[in-house]
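Asker: Below: one structure in structure tokens.
A short reminder: the numbers here are calculations on the coordinates, not readings from a lab. Nothing here was measured: the structure is a model prediction, and the numbers come from that model. No Cβ is skipped: glycine too gets one built from the backbone with ideal geometry, and neighbour counts run over all protein chains shown.
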Amino acid sequence: MDLTNQQQPHKRVRSQLESDGFSLLHRLCEPALTEQLLKVSREIQVDVKNTLGKKQIGIGSRAGYQEIVQRSPGRWDIPITPEQFAIVHQQMPWWTFITDILGQDAEHAFSGVVSSEPVSPEQHWHIDSPHEATEHLPAHAINVLIALTDLPLAMGPTEFACGSHLLTNHLANPTLVSDQLVYQHAETSPVLLVNGTCKATPEYCSSTMSEGSCLIFDDRILHRGMANRSGSTRRIAYFSYRRKDYLPYTHFESPRSVFDA
Ligand SMILES: O=C(O)CCC(=O)C(=O)O
């Protein structure tokens, strides 16, 4: 089949998402867009962190607040809507990749910024949502991570267990526990997914990212943020999308607000 230049990256991304569970698009976002996302992220983060002050916060979505979750020590997730970012997310350069995979009626689920402070350790391996059926179905949710600055390996870009979205199905593999895959659990690892089988352990994949590059990945892939061994805060913006008929339920679970007295 003769593909136009416009169709080729979509075909590559779709095929990588199906086989590897993720795809890296170098410098997909223009500098002006990345600067806008970074500026808003910084402003909102200062406001929320100041309001959080010395209030107690644990690790994970249930131990956090509506406005801020500590995903692992020193790794902060702050939700920011497309309106707060002052963008129309359907006009963003990643949107057609999303609709290509989730359908034209794909819906925005979450967005925000994840910042990891210098010396924050690597996260536990986890998935963002569990499989929905025993057989392997097409992705029900897709995430886009945008590097807001250049991210050398020392800043700890996101690492994936390549192809592990095909192995994280707890409904097909009764040795896997859904909550231990979704929530931070020290024993979850790529090796765990193939225990007792003759399948190979998924390869670990991480890459430096230049500013504006995007990682697009299947919600069900095993992944983790790496340790930040640099002297600067690492910031990535994220946009998560879902199929119209899929309702995510594990991302921001705390009913409490930092703005409550
Ligand atoms: O920090 C990262 O690179 C990934 C963050 C993540 O996967 C999470 O917090 O759930």
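Asker: Arrange the following residues from fewest to most other Cβ atoms within 10 Å of their Cβ: I80, I44.
Answerer: Values: I80 22, I44 19.
The most exposed by this proxy come first: I44, I80.
Asker: Cut-off is 10 Å between beta-carbons; in what order do Y241, Y249 appear when sorted fewest neighbours first?
Answerer: Numbers: Y241 28, Y249 9.
With the fewest neighbours first, Y241, Y249 line up as Y249, Y241.
Asker: Exposure proxy check: C162, C198 ranked by fewest other beta carbons within 10 Å? The partial results should precede the final answer.
Answerer: On the way: C162 18, C198 5.
Fewest-to-most ranking of C162, C198: C198, C162.
Asker: Work out which trypsin sites (Lys or Arg not before Pro) in the chain are exposed loop sites (DSSP not H, G, I, E or B, at most 16 other Cβ within 10 Å) and give the longest gap free of them. Could the numbers behind the result be given before it?
Answerer: Numbers: sites that count: R27, K54, K55, K199, R229, K244, R256.
After excluding every exposed loop site, the longest remaining stretch is 56-198.
Asker: Turning to a different aspect of this structure: With label points built 7 Å along Cα→Cβ from the Cα atoms of E253 and A63, find their separation and express it in nm.
Answerer: 1.3
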